[in-house]
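**Q** One structure follows; several queries about it will come next.
The values are calculated or read from the model by the stated rules, or taken from the named source; none is laboratory data. Since the structure is predicted, the reported quantities are computational estimates derived from the model, not experimental observations. So basically every Cβ, Gly included, is an ideal-geometry build from the backbone, and we count neighbours across all protein chains shown. We work out accessible area using only protein heavy atoms, side chains counted, and drop any ligands, DNA or RNA first. Shrake-Rupley method; radii C 1.70, N 1.55, O 1.52, S 1.80 Å.
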Amino acid sequence: MSGLDLLAPEHHGLFIDGTWREAEGGASFAVIDPADGSELTTVADGSVADAVAALDAAVAAQASWAKTPPRTRGEILRKAFELINERSDDLAHLMSLEMGKPVAEAKGEVTYGNEFFRWFSEEAPRIHGRWMENPVGGSRLLTVRKPVGPCFFITPWNFPLAMGTRKIGPAIAAGCTMVVKPAEQTPLTMLALAAILTEAGLPEGVLNVVTTTSAPKVSAAVQADPRLRKISFTGSTPVGRLLVKQAADNLQRMSMELGGNAPFIVFEDADIDAAVEGAMIAKMRNMGEACTAANRFLVHADVAEEFATKLTSQMGSLVVGRGQDEGTQVGPLIDEKAVDSVTALVSGAVEGGAKLLTGGSAPSGPGYFFTPTVLLDVAADAEINSQEIFGPVAPITVFTTEDEAVTKANATEYGLASYVYTRDLSRTIRIAESLEYGMVGVNTGLLSNPAAPFGGMKSSGFGREGGFEGIEEYLETTYVGIAAD
Ligand code: NAP
């Protein structure tokens, strides 16, 4: 291990006001290895009182943090970026243990997630308002940008580091303090991140982490506190809806990064080999457990057989195993519930007439694995078309016209990521403008990029993370009118 020991018990407490402490009453809960169901370690199980103590610390630190020069805030992020790079092997290993993804993929997440720290370290000194002359004369109009104030972040288990850095990076850059509640299944990566940010010089109270098995109670209490100014949530749409309702009383600012149901459209003029390569990335990144995962493959009738045959060949040859084993390409799903849900979606599709081209079941033995699966001719009303699969399953539906492809692609409550493969420029423009999605990938299966605004519309939520837009979520605007001749 380089630097600090990321599995060391001293970093398994709550992180409040710059110190590691036990939860109220010494409560703790187990972190499980999804590759075999065994206990990896335990972490503190924070109570409502612990969460309020974390908010107290964030509130106490807010004023001085807001006054800390932007360059200093940026340099702390930059230092953390460098420390994370130095420890990327350790972080990837830790993430693979608690989440299951192959170590190589976890390393990819560390690199990707860490880029938010670099991006926002550069954004911090560029926060600026504007000055203008009143169009009718007689005054000057100034805008002053200020941090929103104490924030509450709730993150999911599928990207334990990146879903945190996308919020923590811009909040630090903007001068906000925060309480972070990581997912119960993957608290260790976030705790390691807190240790690294502290080492990078983040003042006490700016970042507080509360691990807990009582997410609903903790969130309700923190949101009920009028001192909280913003909530940013990444997770499922039903929980997002609940948090939006809870934000209403205190009119908290909100960013909601919710579920997806991404279409992956392959037109007859596409480069099919490139489309299959993109499909493997869009489908299999994170074992299919991604909000951006291609959920529905819509393929033109002229190329459907070729696409399905090539995709099946690649999906069928993937190596499934423990994330820490050399050569593993597909790790376990997060838990038994996930395996049951994917199994039910595949069975429903097959019962509805879909052809099973490869995979289709969970292998016997320990751990929460599911074999990479391809389904062809999935019925329009199959549940797998309307629900997030969150597993390594590629359902293919055939279309014949461009209008049909767009109608099918938009026939979902979600609007996060979408993908299209075509070599026709006019069609690219038409499709990009017709798809009701926050993100459209053209001839690429990978959209995530810290320099781009990530986010959705419709039931996929609102707000953007990354890009120039990312910091706006953490800034307020005060307009100052000054009389002047
Ligand atoms: P989830 O069940 O909504 O959980 C996400 C987080 O919310 C966890 O920290 C969870 O805590 C917490 N939570 C659960 N119930 C809560 C409540 N009543 N009040 C407050 N917090 C609560 O989602 P998930 O299964 O972990 O994550 C997968 C979902 O995230 C998918 O829908 C995926 O599409 C979405 N996602 C979206 C994006 C995006 O950027 N749009 C990115 C990644 C994932 P516990 O762990 O303690 O239950």
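Here's the yes/no breakdown for (1) among the small types (Gly, Ala, Ser); (2) at pLDDT below 95; (3) over 22 Å from SER64 (Cβ atoms):
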site	(1), (2), (3)
LEU97	no, no, yes
GLY100	yes, no, yes
ILE127	no, no, no
ARG130	no, no, yes
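For every residue, the table says whether it meets (1) under 23 Å from the mean Cα position of the chain (by Cα); (2) buried (at least 24 other Cβ atoms within 10 Å of the Cβ); (3) assigned to a strand (DSSP E or B).
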{"position": "ARG241", "(1), (2), (3)": "yes, no, no"}
{"position": "VAL244", "(1), (2), (3)": "yes, no, no"}
{"position": "ASN250", "(1), (2), (3)": "no, no, no"}
{"position": "PHE264", "(1), (2), (3)": "yes, yes, yes"}
{"position": "GLU268", "(1), (2), (3)": "no, no, no"}
{"position": "GLU277", "(1), (2), (3)": "yes, no, no"}
{"position": "MET284", "(1), (2), (3)": "yes, no, no"}
{"position": "ALA290", "(1), (2), (3)": "yes, no, no"}
{"position": "ARG296", "(1), (2), (3)": "yes, yes, yes"}
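**Q** Please determine, by comparing only the residues of segment 27-41 that are in a strand (DSSP E or B) and touching a residue at least 60 places away in the same chain (Cβ under 8 Å), which one is farthest from ARG322 (Cα to Cα).
**A** Selected residue: PHE29.
**Q** Could you grab me the full set of residues in segment 223-238 that are near the ligand (Cβ under 10 Å from one of its atoms), open to solvent by 10 Å² or more (accessible area, probe 1.4 Å) and out of contact with any strand residue (DSSP E or B) (no Cβ under 7 Å at 6 or more places or on another chain)?
**A** Once the filter is applied, which keeps residues that are near the ligand (Cβ under 10 Å from one of its atoms), open to solvent by 10 Å² or more (accessible area, probe 1.4 Å) and out of contact with any strand residue (DSSP E or B) (no Cβ under 7 Å at 6 or more places or on another chain), segment 223-238 yields SER236, PRO238.
**Q** If you don't mind, there's one more thing I want to ask. Against the definition (farther than 29 Å from SER313 by Cβ and open to solvent by less than 20 Å² (accessible area, probe 1.4 Å)), how does GLY441 come out, yes or no? Let's see the steps before the verdict.
**A** Details: farther than 29 Å from SER313 by Cβ: no; open to solvent by less than 20 Å² (accessible area, probe 1.4 Å): yes.
No.
**Q** Only residues that are open to solvent by less than 20 Å² (accessible area, probe 1.4 Å), closer than 17 Å to LEU161 by Cβ and not basic (Lys, Arg): list them for segment 59-87, please.
**A** Residues of segment 59-87 open to solvent by less than 20 Å² (accessible area, probe 1.4 Å): 61, 65, 73-74, 76-77, 80-81, 83-84, 87.
After this cut, where a residue has to be closer than 17 Å to LEU161 by Cβ as well, the list is 77, 80-81, 83-84, 87.
Residues satisfying the conditions are LEU77, ALA80, PHE81, LEU83, ILE84.
**Q** Residues that are open to solvent by 10 Å² or more (accessible area, probe 1.4 Å), of a type in the set (S, T, N, Q) and in contact with a helix residue (DSSP H, G or I) (Cβ under 6 Å, 6 or more places away or on another chain), at least 3 per element: which strands (runs of 3 or more DSSP E) completely within segment 328-432 meet that?
**A** Because the criterion is at least 3 residues that are open to solvent by 10 Å² or more (accessible area, probe 1.4 Å), of a type in the set (S, T, N, Q) and in contact with a helix residue (DSSP H, G or I) (Cβ under 6 Å, 6 or more places away or on another chain), no strands (runs of 3 or more DSSP E) in segment 328-432 meet it.
Residues are listed down the side, and each one gets a yes or a no for (1) within 20 Å of LEU40 (Cα to Cα); (2) of a type in the set (D, E, K, R); (3) within 13 Å of the ligand (Cβ to nearest atom); (4) touching a strand residue (DSSP E or B) at 6+ places or on another chain (Cβ under 8 Å):
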residue	(1), (2), (3), (4)
PRO182	yes, no, yes, yes
ALA192	yes, no, no, no
ASN208	no, no, no, yes
VAL218	no, no, yes, yes
ALA221	no, no, yes, no
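**Q** Go over the candidates GLY445, GLY415 one by one and state the one that is modelled with pLDDT of 95 or more, within 15 Å of the ligand (Cβ to nearest atom) and either polar (S, T, N, Q) or out of contact with any His (no Cβ under 6 Å at 6 or more places or on another chain) (or both). Break it down into steps so the answer makes sense when it comes.
**A** Values: GLY445 fails: within 15 Å of the ligand (Cβ to nearest atom).
Only one candidate passes the filter, namely GLY415.
**Q** Within segment 117-139, how many residues turn out to be over 28 Å from GLY470 (Cα atoms) and crowded, with 20+ Cβ neighbours inside 10 Å?
**A** So in segment 117-139, the residues over 28 Å from GLY470 (Cα atoms) come out as 133-139.
Checking the rest, the ones that are also crowded, with 20+ Cβ neighbours inside 10 Å come to none.
Summing the residues that are over 28 Å from GLY470 (Cα atoms) and crowded, with 20+ Cβ neighbours inside 10 Å in segment 117-139 gives 0.
**Q** So, one more: Does segment 142-158 contain at least one residue that is without any contact (Cβ under 8 Å) to a residue 24 or more places away in the chain, surrounded by fewer than 24 Cβ atoms within 10 Å (Cβ to Cβ) and either among the hydroxyl-bearing types (Ser, Thr, Tyr) or out of contact with any Phe, Trp or Tyr (no Cβ under 9 Å at 6 or more places or on another chain) (or both)?
**A** Checked segment 142-158: no residue is without any contact (Cβ under 8 Å) to a residue 24 or more places away in the chain, surrounded by fewer than 24 Cβ atoms within 10 Å (Cβ to Cβ) and either among the hydroxyl-bearing types (Ser, Thr, Tyr) or out of contact with any Phe, Trp or Tyr (no Cβ under 9 Å at 6 or more places or on another chain) (or both).
**Q** I would also like to ask the following. For segment 43-56, which residues satisfy the criterion of being more than 24 Å from the chain's Cα centre (by Cα) and not in a helix (DSSP H, G or I)? Steps first, please.
**A** Initially, segment 43-56 is screened for residues more than 24 Å from the chain's Cα centre (by Cα), giving 47-50, 52-53, 56.
Residue satisfying the conditions is SER47 alone.
**Q** Taking the condition under 18 Å from PRO182 (Cα atoms) and acidic (Asp, Glu), does ASP17 pass?
**A** yes
Okay, residues lined up against (1) under 27 Å from the mean Cα position of the chain (by Cα); (2) polar (S, T, N, Q); (3) closer than 27 Å to SER347 by Cβ:
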position	(1), (2), (3)
ASP381	no, no, yes
THR400	no, yes, no
TYR414	yes, no, yes
ALA417	yes, no, yes
THR422	no, yes, no
ARG427	no, no, no
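**Q** Here is a follow-up. Within segment 444-485, track down each residue that is farther than 30 Å from PHE297 by Cα, open to solvent by less than 20 Å² (accessible area, probe 1.4 Å) and in a strand (DSSP E or B).
**A** Matches in segment 444-485: LEU475 only.
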